[in-house]
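Right, one structure below, let's go through it.
Values quoted throughout were computed directly from the atomic coordinates according to the rules given, and no laboratory measurement underlies them. Only a predicted model underlies this, so the values are computations on that prediction, with no experimental measurement involved. Don't worry about glycine lacking a Cβ; one is built from the backbone with ideal geometry, like all the others, and counts go over all protein chains shown.
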Amino acid sequence: MKKKLLSLLCGVTMLAAALTGCGSAEAPAAAEGEAAASADGAKIALITMDSIDQHWISLNEGAQKAAGELGVEVTFMSPNTKDDAQQIECVNNAVAGGYAAIIVAANGPDAISSALKEAIDAGIKVVYVDSPANVDAEATFSTDNVAAGTTAGEEMIKALEAKGITSGDIGIVNVNAATQSTVDRENGFRKAFEGTGFNLLETQYGEGDAAKSQTIAENYITQKVVGIFGCNEGSTTGTGNAIKASGSSDIVGVGFDKSDAIQGLITDGYLLCTMAQNPDVMGYEGVKAAVAAIGGESLGGKVTDTGVSVIDAAALGGAAPAADAGDAVKASKAWKIALITMDSIDQHWVTLNEGAQAKAEELGVEVTFMSPNTKDDAQQIECVNNAVAGNYEAIIVAANGPDAISSALKEAIDAGIKVVYVDSPANVDAEATFSTDNVAAGTTAGEEMIKALEAAGVTSGDIGIVNVNAATQSTVDRENGFRKAFEGTDFNLLETQYGEGDAAKSQTIAENYITQNVVGIFGCNEGSTTGTGNAIKASGNSGIVGVGFDKSDAIMNLIGDGYLLCTMAQNPDVMGSMGVEACVKALEGESLGGVVTDTGVSVLTK
């Protein structure tokens, strides 16, 4: 009888008299006296804001994966729509159903608190995912929404300024004024615009519903806004649909969350980008934490940032090159293009070459990867000279430094060769540049380290930096951004040491830092990061926070094993692909205007 009652309470079709919407799954009841304290076979309720948004579906998928691995039962019993009363009813149903733990994404910090307090008093373990309430829980797995919102604002500002727009009204479509996660995103977004000439209009609320959000965005568009920010999946989808319906390509739309609809709007050019969280990680880690708490482990209420990535057209493989985005690139002949990176060994450059070769095959041109085996100015200059002597018609180059290679590139340009930069430019005007915003990415790396140190109770101490050299602009910018993150803190950043991007040299440098009792080390490129992780591994000191740059198998293994906290992963394949496409356009007579395109970065954690 109890099971039947709960089924009625949490059925998909709500009866008005039931006042409940927990219809994603039936909440099975426990038999009288059934034990739920053992983690083996324990019942865990997953209650998100709704059961429809793809964000919550992905979170549930991560939760179910962990449940399968750990031998527990996770019931997705979320309401069909965002509603405080329905979410409270779901919590009450979990209590009545004899669940041992509740994993919950709270609609707001207060409405659900009493119900959760009663659940905790009944001995049920509570873990937050995405958005917490104002009740102490075992652990929280969520995005640093303020920082992610600021990133969203910065992306919008960059896009507007690239269009020559430095003032105008900006609209914000939020869920409601109570959902802390989206309120934090808005606050971070507004923070990015402080001191600019833009005017942020009063926020409008669409309850996360795509149709309501579209109406709000359409109203903003009638007010001649230059940009609109959507704070969650429904808000972002509505914003993109409104911009699409308006037929205007001048409005910059930026949003949050990742769904097929949002990605389609980005690829089609109606949204600039979205801040993609990792809901599957939240769900997976939430179940692991719930199982640990059920088993008697004290988690201490720890808050874990599950990270965010900027997903734009480049990240989705749909970015247009620097010239007119509406023009399809065509090669009238098998143009010869030389690809010259800093070396030919680092996985970063290997991946960049793979992207270039794929695009070359697609366009019917020839790309020769003719990079030196090691980072050396003389060898890189020789590669440029060889390209000129070999009658190559274009050169794609990642310069070791801004000056050493400049004379050779100037001679190449004077000989009629088109030059495109990837990753790191020299001090010679080129057709286009495709690279990471390294200062911003370095600042993100610093912020990740600070968060990890503070979470460990460390608020001061020395930090080491392993860079490539003092001339490579990309890594110098990363270091400058990293140092910027520590301004105003009590941490002391030591003098930078240079390992030329060599993993073994960088490991020696990092080991020397460790003897100085540093609390953290930052590696500025692939070799520096690998060396840093290997040094921390060799030291056996798990208290040192290592943060780095670039993605390789070695780096990912060091993160997986806990010797590095995270790495800033660029998109070298996108750089290579867009570099080739830009070369072909330039060779076919198009003027690219020397535009600089940010190819994005993602924070990769364990």
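Some values worked out for this structure:
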{"read-out": "Kirkwood-type radius of segment 376-419, with distances r between different C-alpha atoms, in Å", "value": "10.2 Å"}
{"read-out": "Base-10 log of normalised Debye intensity for segment 27-176 (one unit scatterer per alpha-carbon) at q = 0.11 Å⁻¹", "value": "-0.49"}
{"read-out": "Distance between modelled label sites at Asp268 and Ala245, nm, 7 Å Cα→Cβ extension", "value": "1.3 nm"}
{"read-out": "Computed log₁₀ I(q)/I(0) - Debye formula, equal Cα scatterers, no solvent, segment 380-515, q 0.10, 0.11, 0.18 Å⁻¹", "value": "-0.44, -0.52, -0.98"}
{"read-out": "Angstrom value of the Kirkwood radius, inverse mean 1/r, which spans all Cα pairs in segment 438-569", "value": "13.8 Å"}
{"read-out": "Principal axis dimensions, largest first and in whole angstrom, of segment 197-243 by Cα", "value": "30, 16, 13"}
{"read-out": "Approximate shape of segment 145-277 as ellipsoid semi-axes (Cα gyration tensor, √5λ), whole Å, largest first", "value": "18, 17, 14"}
{"read-out": "Projected area averaged over orientations for the chain, convex hull of C-alpha atoms, nm²", "value": "28.0 nm²"}
{"read-out": "Hits among lysines - C-alpha to C-alpha of Lys585 under 27 Å, sequence gap 8 or more where chains match", "value": "Lys158, Lys163, Lys330, Lys333, Lys336, Lys359, Lys410, Lys418"}
{"read-out": "Proxy reagent accessibility, fewest Cβ within 10 Å first, across Leu116, Leu59, Leu587", "value": "Leu587, Leu116, Leu59"}
{"read-out": "Cross-link partners of Lys125 among aspartates and glutamates (Cα-Cα below 16 Å; sequence separation of 8 or more within a chain)", "value": "Asp40, Glu73, Asp136, Glu138, Glu285, Glu297"}
{"read-out": "Neighbourhood charge, 12 Å Cβ-Cβ cut-off, centred on Val104 and excluding it, Lys, Arg +1 and Asp, Glu -1", "value": "-1"}
{"read-out": "Number of Lys pairs (Cα under 24 Å; 8 or more positions apart or on different chains) in segment 166-310", "value": "9"}
{"read-out": "Tilt relative to the chain, helix 438-455 - C-alpha long axis, 0 to 90 degrees, to 10", "value": "40 degrees"}
{"read-out": "Ranking of Ser259, Ser506 by count of other Cβ atoms within 10 Å, fewest first", "value": "Ser259, Ser506"}
{"read-out": "Size-normalised alpha-carbon gyration radius of segment 136-210, reference 2.2 N^0.38 Å", "value": "1.23"}
{"read-out": "Net +/- balance of residues flanking Glu382 in space, Cβ distance below 14 Å, scoring K and R +1, D and E -1", "value": "-3"}
{"read-out": "Restricting segment 166-243 to trypsin sites (Lys or Arg not before Pro) in coil, as DSSP defines it, with at most 11 other Cβ within 10 Å", "value": "Lys224"}
{"read-out": "Those aspartates and glutamates that a straight Cα-Cα span of less than 14 Å connects to Lys537, excepting residues fewer than 8 apart in one chain", "value": "Glu511, Asp561"}
{"read-out": "Evaluated over segment 340-405, the Cα radius of gyration and Dmax, each in Å", "value": "11.8, 34"}
{"read-out": "Exposed-site-free run, longest, the chain (rule: GluC sites (Glu not before Pro); DSSP loop; at most 11 other C-beta within 10 Å)", "value": "203-486"}
